[in-house]
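Just below is one structure, and these are the notes that go with it.
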Amino acid sequence: MTTTATRFDGQVLTPADPGYDAARTVWNAMVDRRPRMIVRAAGVGDVVAAVRLARELGLEIGVRCGGHNAAGFAVPEDGLMIDLTPMGGVRVDPVRRLARVQGGALLGALDRAAQAYGLATTAGNVSHTGVGGLTLGGGMGWLARQYGLACDNVVSYTVVTADGEVVTASRGENPELFWGLRGGGGNFGIVTEFEFRLHHTGTRTLVAEFDFRAEDAVPVLEGWRDLNAVAPRQATFTADVGSGPGGPIATVGFVWVGEPEEGRRLLPAMRALGRPIGARVTTPSYLELQTRNDTTGGHAYRRYSKGLYLRRFPVEAIEAFLLRGGSDLSDDPFLPASGLQAHGGAIDDVPDADAAFSHRGTMVEFGAGSRWSDAAEDEARMGAARAAGAVLEPYASGVYVNSLTADELADGRRGVRRAYSAEKLARLTALKTAYDPANVFHLNQNIRPSQ
């Protein structure tokens, strides 16, 4: 297909074309922008041509992988959207334990291809997330405490730069770009292929969950916190608080990737935390684990969330976590679901200077999020999620770049400064200036080039 003087192997959609609305729909119904054109890239050549065409026409560029970014950066109003989803292939070399993953692949495709050989790499907790967005921001998952973040397992990147050039970034080739892509987001180019290191994980897991009334949960969460400090790396501790049939419920537990019988050794200590009102111990396959948090109909929901990193979790923070921004332990339907996921282990083994990703000393990652259908509830829902984050701010050490919201990013560099140390932000700014001095790739958690 030809648009202006440019030929594409993939599909080019304009507002009058069938499939246009489906292609511009992302994982947040509040995002309703209309690109001038959507290039559904069939390969690297299409990405190069699309970048050059957008610059020629003076159009903003948005890049879609899985479409999960709640701010909707992938969808530029009256701009050019580069849709990588047709580039969703995964090739596994089981002998060398490597996977070559195209830039539009979803995490589930990577998981399925690797698990055919009993292999895996850190790949989030939701299978319909895009590999690209997750990995470029860092990439937490159930294997991170054993093998590091997703970005720690990348061997090389193939990147289309703002000039429309194709370069490789690895420790031996363009090493500074390799450093920045490991946590610096989509600021430096469009990654069309990732090469990941895989690990022998087997196919088995164990998930343990214990429910407590929120009013009884402070000592439970204190004990959970202390157990987490000495837990084996195969265990990722989790905690959640949300609505239950008789009032707010706090759930604590862990996810174990490995032989379930080994994970069961932690169960007596978990059961000793208190008297649960419910308990579940299951042994899903790794692929089942990776899809257990998937949702259907997600594109129809409006979404907002807040995230924070916590290096400590004192009793005051526990009490604030349970309140979720409310004034008491009521079951207000507008209060967001809130959760914690433990870091540590192999994440902390990587020297801080080794990658752009920051906050390796995190104890737990906090998230509070809501989804709803009625636009009339927007302000109340978003305000409640902000309040849930605000009560934990005194204990926060920073923010995960992938969790930054549009309102946090709208205030200049304030949001990005929370995601990186001053030293790393200066280094990232220099890298941005070198690879994208005109800030062509600015629809992201933007690191601005030097003026």
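The values are calculated or read from the model by the stated rules, or taken from the named source; none is laboratory data. Since we're looking at a predicted model, the values are computed, not measured. So basically every Cβ, Gly included, is an ideal-geometry build from the backbone, and we count neighbours across all protein chains shown. SASA here: full protein model, heavy atoms, side chains in, ligands and nucleic acids out. Shrake-Rupley method; radii C 1.70, N 1.55, O 1.52, S 1.80 Å.
Yes or no: the range 141-160 includes at least one residue that is open to solvent by 20 Å² or more (accessible area, probe 1.4 Å) and either assigned to a loop (DSSP other than H, G, I, E, B) or at positive phi (or both). No, that holds for no residue.
Suppose we keep only residues that are surrounded by fewer than 18 Cβ atoms within 10 Å (Cβ to Cβ) and touching a residue at least 40 places away in the same chain (Cβ under 8 Å) within the range 261-274. Which one would you say is farthest from Q115 (Cα to Cα)?
My answer is A272.
Filtered by the rule that a residue be buried (at least 18 other Cβ atoms within 10 Å of the Cβ), part of a loop (DSSP other than H, G, I, E, B) and small (G, A, S), the range 325-346 gives G325, G344, G345.
The rows are residues; the columns are (1) among the basic types (K, R); (2) assigned to a strand (DSSP E or B); (3) under 30 Å from N28 (Cα atoms); (4) in contact with a helix residue (DSSP H, G or I) (Cβ under 9 Å, 6 or more places away or on another chain).
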residue: V281; (1), (2), (3), (4): no, yes, no, yes
residue: L287; (1), (2), (3), (4): no, no, yes, yes
residue: E316; (1), (2), (3), (4): no, no, no, yes
residue: A320; (1), (2), (3), (4): no, no, yes, yes
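If the condition is being of a type in the set (V, I, T) and closer than 27 Å to F334 by Cα, then the range 249-306 contributes I249, T251, V252, I277, T291, T295, T296. V48 fulfils the conditions (1) surrounded by 17 or more Cβ atoms within 10 Å (Cβ to Cβ); (2) outside any helix (DSSP H, G or I) except for a single criterion, (2).
Within the range 418-433, the set of residues being under 21 Å from E60 (Cα atoms) and without any contact (Cβ under 8 Å) to a residue 40 or more places away in the chain comprises T429, T433. Would you mind stating whether D83 is open to solvent by less than 10 Å² (accessible area, probe 1.4 Å) and not hydrophobic (A, V, I, L, M, F, W, C)? Against the criterion (open to solvent by less than 10 Å² (accessible area, probe 1.4 Å) and not hydrophobic (A, V, I, L, M, F, W, C)), D83 qualifies.
Restricting to the range 202-226, name every residue that is outside any strand (DSSP E or B), closer than 21 Å to L289 by Cβ and either free of Cβ contacts under 8 Å to residues at least 24 places away in the same chain or open to solvent by less than 20 Å² (accessible area, probe 1.4 Å) (or both).
Our first condition is that a residue be outside any strand (DSSP E or B); within the range 202-226, this holds for 202-203, 214-226.
Remaining after also requiring closer than 21 Å to L289 by Cβ: 202-203, 224.
Hit for the range 202-226 is W224, nothing else.
So that you can scan it fast, the table gives a plain yes or no per residue for (1) more than 20 Å from H343 (Cβ to Cβ); (2) open to solvent by 50 Å² or more (accessible area, probe 1.4 Å); (3) among the aromatic types (F, W, Y); (4) touching a residue at least 24 places away in the same chain (Cβ under 8 Å):
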{"position": "N228", "(1), (2), (3), (4)": "no, no, no, yes"}
{"position": "A231", "(1), (2), (3), (4)": "no, no, no, yes"}
{"position": "G244", "(1), (2), (3), (4)": "yes, no, no, yes"}
{"position": "V257", "(1), (2), (3), (4)": "no, no, no, yes"}
{"position": "Q290", "(1), (2), (3), (4)": "no, no, no, yes"}
{"position": "R303", "(1), (2), (3), (4)": "yes, no, no, yes"}
{"position": "Y309", "(1), (2), (3), (4)": "no, no, yes, yes"}
{"position": "F313", "(1), (2), (3), (4)": "no, no, yes, yes"}
{"position": "F321", "(1), (2), (3), (4)": "no, no, yes, yes"}
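Considering the range 395-432, and only residues there that are under 18 Å from the mean Cα position of the chain (by Cα) and in a loop (DSSP other than H, G, I, E, B), the residue that is nearest to L134 (Cα to Cα) turns out to be Y400.
When R97, R64 are checked against the criterion of being out of contact with any Ser or Thr (no Cβ under 7 Å at 6 or more places or on another chain) and either surrounded by fewer than 20 Cβ atoms within 10 Å (Cβ to Cβ) or in contact (Cβ under 8 Å) with a residue 12 or more places away in the chain (or both), a single residue qualifies: R97. In the range 11-29, the residues that are without any contact (Cβ under 8 Å) to a residue 12 or more places away in the chain form Cβ pairs under 8 Å with partners that are open to solvent by less than 40 Å² (accessible area, probe 1.4 Å) and not acidic (D, E), at six or more places apart or across chains, as follows: G19/L13.
Counting only residues that are aromatic (F, W, Y) and open to solvent by less than 30 Å² (accessible area, probe 1.4 Å), which one in the range 355-398 is nearest to V416 (Cα to Cα)? Step by step, filter the range 355-398, then rank; the result is F357. Scanning the range 333-351 for residues that are acidic (D, E) and free of Cβ contacts under 8 Å to residues at least 24 places away in the same chain yields a single hit, D348.
Among the residues of the range 93-100, are any of a type in the set (K, R), under 21 Å from T192 (Cα atoms), modelled with pLDDT of 95 or more and part of a helix (DSSP H, G or I)?
Of all residues in the range 93-100, those of a type in the set (K, R) come to 96-97, 100.
If we keep only those that are under 21 Å from T192 (Cα atoms) as well, we get 97, 100.
This time we only want the ones that are modelled with pLDDT of 95 or more, so: 97, 100.
So of that shortlist, the ones also part of a helix (DSSP H, G or I) come out as none.
Within the range 93-100 (the criterion being of a type in the set (K, R), under 21 Å from T192 (Cα atoms), modelled with pLDDT of 95 or more and part of a helix (DSSP H, G or I)), the answer is no, since none of the residues qualifies.
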